[in-house]
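Structure first, commentary second.
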Amino acid sequence: MRKIKWGIRIELVLLVAVVCVWLVKEIGSRDTDGQAGNGFVWEEMENAGEAVEVSADGSYIKWVDFNITCEAMKKAYELDVDSYQDEIHTDWIELLAYVGARHGGKFDKNSVSELQETAEKLRSGETTMEQLTKKMEYYDYYKEAYGAVLSGMVGEFSLEVPKGDTGEKEWKNFYGLKAFSPIAKGFDYSHYDDFGSSRSYGYSRPHLGHDMMGQIGTPIIAIESGYVEALGWNQYGGWRIGIRSFDGKRYYYYAHLRQNFPYNKQLEVGSIVTAGDVVGYMGHTGYSTTENVNNIEVVHLHWGLELIFDESQKESNNEIWIDCYELTKFLYQNRSETVKDEATKEWHRVYQMKDPAVENAGEFRRPRTESSPET
């Protein structure tokens, strides 16, 4: 009898060992949401306080936490523009990626001085970005992630400007910020960081965008040049428009547009828009399966920015939406001036822009077939 008991104990121990081995293998083959994965693992970054998804096989990025402050973006942008004609040009995305990689994606009051000091070392020839980042394991990740957010916002362009006091206009070439605030110049709004706050219409979910409260009819501006990928009614976002950047990496979502007159009348799916164009008008439509209904209590624009590293991420459980509050503050410095056509009741930009991205657009991606994200 004693031998039988010992035999049973040994079998139980072996069974537990087998189960433990199976669980370890199973967990290692799954990603963070518990679904069957493709070998991704999460590693804690040194001094990061957060996790970054890494892949041994070079797969696309599946998660981005965009925490760059407005002040850091302004400083990096200033350093980029100031050095554009110099022998050593300090690229703002590279500067931000370097500081981000050093601190695990965290930016604070010391980030501005760190950006300044790094740029001075680069411009003096004391070092290069390649040398600075040679042993930084996550620099490439941050460069790609931040580039996905910001790469279409700074560059060369031509813009109409006033020609002295003649009342006429002339074209001038520029290098700088060619992305615009989503609210036209001269129109007031209020906002706060509401990314991730709770929403309950339809089902419980986080708020994956940025709300800007204002007046009905306020002209809504294309932040970046691109093409219209979605246009129409969504029960969550009401009348909404989705604009895709030409490189395919950014999807700008503008929701709760005005009842009866939500868009620029010339727009349709596939239309090309230039940054600074009027694309729609602020309202409070949505939260209804019936079209053209004002069920949102507060008049506001909801705008969101989705990053797309692979087309499979669109309209899936792997969508990447970033917090746009600091970015909205950064874009405030470039607001499109508009004028109303009393005959058509449309608003139009006063000064036209020629964006090389529009001229070099080439082939467009196929428009979305679904109804776009909820708000």
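The values are calculated or read from the model by the stated rules, or taken from the named source; none is laboratory data. Note that the structure is predicted; figures quoted are calculated from it, not measured. All Cβ positions, glycine included, derive from the backbone under ideal geometry; neighbour counts span all protein chains shown. Quick note on the areas: whole protein, heavy atoms, side chains included, nothing else; ligands and nucleic acids left out. Shrake-Rupley method; radii C 1.70, N 1.55, O 1.52, S 1.80 Å.
Restricted to strands (runs of 3 or more DSSP E) entirely inside region 215-314, those with at least 3 residues that are over 30 Å from SER158 (Cβ atoms) are 226-234, 238-245. Which one is surrounded by the fewest Cβ atoms within 10 Å (Cβ to Cβ), of the residues in region 311-343 that are more than 30 Å from LYS74 (Cα to Cα) and acidic (Asp, Glu)? Filtering region 311-343 for residues that are more than 30 Å from LYS74 (Cα to Cα) and acidic (Asp, Glu), the one surrounded by the fewest Cβ atoms within 10 Å (Cβ to Cβ) comes out as GLU342.
Residue-by-condition table, conditions (1) modelled with pLDDT under 95; (2) of a type in the set (S, T, N, Q); (3) out of contact with any strand residue (DSSP E or B) (no Cβ under 9 Å at 6 or more places or on another chain):
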{"residue": "GLU144", "(1), (2), (3)": "no, no, yes"}
{"residue": "LEU150", "(1), (2), (3)": "no, no, yes"}
{"residue": "VAL154", "(1), (2), (3)": "no, no, no"}
{"residue": "ASP165", "(1), (2), (3)": "yes, no, yes"}
{"residue": "LYS185", "(1), (2), (3)": "no, no, no"}
{"residue": "PRO206", "(1), (2), (3)": "yes, no, no"}
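Of all the residues in region 285-310, those that are touching a residue at least 60 places away in the same chain (Cβ under 8 Å) and either of a type outside the set (A, V, I, L, M, F, W, C) or open to solvent by 60 Å² or more (accessible area, probe 1.4 Å) (or both) number 8. Residue count for region 155-176, restricted to those that are outside any strand (DSSP E or B) and not polar (S, T, N, Q): 3.
Considering the conditions (1) surrounded by 19 or more Cβ atoms within 10 Å (Cβ to Cβ); (2) of a type in the set (Ser, Thr, Tyr); (3) more than 28 Å from ALA343 (Cα to Cα), SER225 is excluded by exactly one of them, (3).
Inspection of region 181-189 identifies at least one residue that is open to solvent by less than 10 Å² (accessible area, probe 1.4 Å), in a strand (DSSP E or B) and within 15 Å of LEU327 (Cα to Cα). Return yes when GLU363 is open to solvent by 40 Å² or more (accessible area, probe 1.4 Å), modelled with pLDDT under 95, in a loop (DSSP other than H, G, I, E, B) and closer than 27 Å to CYS70 by Cα and no when it is not. No; evaluated as a whole, the condition is false for this residue. When the residues of region 118-131 are filtered to those that are over 27 Å from the mean Cα position of the chain (by Cα) and in a helix (DSSP H, G or I), the one that is surrounded by the fewest Cβ atoms within 10 Å (Cβ to Cβ) is SER124.
Of the residues contained in region 145-159, none is found to be within 21 Å of ARG349 (Cβ to Cβ), in contact (Cβ under 8 Å) with a residue 12 or more places away in the chain, open to solvent by less than 70 Å² (accessible area, probe 1.4 Å) and among the charged types (D, E, K, R).
Could you figure out which of (1) under 17 Å from the mean Cα position of the chain (by Cα); (2) modelled with pLDDT of 95 or more isn't true of PHE195? Against the list (1) under 17 Å from the mean Cα position of the chain (by Cα); (2) modelled with pLDDT of 95 or more, PHE195 comes up short only on (2). Looking across region 171-180 at every residue that is in contact (Cβ under 8 Å) with a residue 60 or more places away in the chain and touching a Ser or Thr at 6+ places or on another chain (Cβ under 7 Å), the one that is least open to solvent (accessible area, probe 1.4 Å) is identified as PHE180. Within the bounds of region 148-169, is there any residue that is over 27 Å from the mean Cα position of the chain (by Cα) and basic (Lys, Arg)? Among the residues of region 148-169, at least one is over 27 Å from the mean Cα position of the chain (by Cα) and basic (Lys, Arg), which makes the answer yes. Quick check on my filter: what residues within region 198-214 are open to solvent by 40 Å² or more (accessible area, probe 1.4 Å), under 18 Å from HIS284 (Cβ atoms) and part of a loop (DSSP other than H, G, I, E, B)? If the condition is that a residue be open to solvent by 40 Å² or more (accessible area, probe 1.4 Å), under 18 Å from HIS284 (Cβ atoms) and part of a loop (DSSP other than H, G, I, E, B), then SER200, TYR201, GLY202 are the ones that fit.
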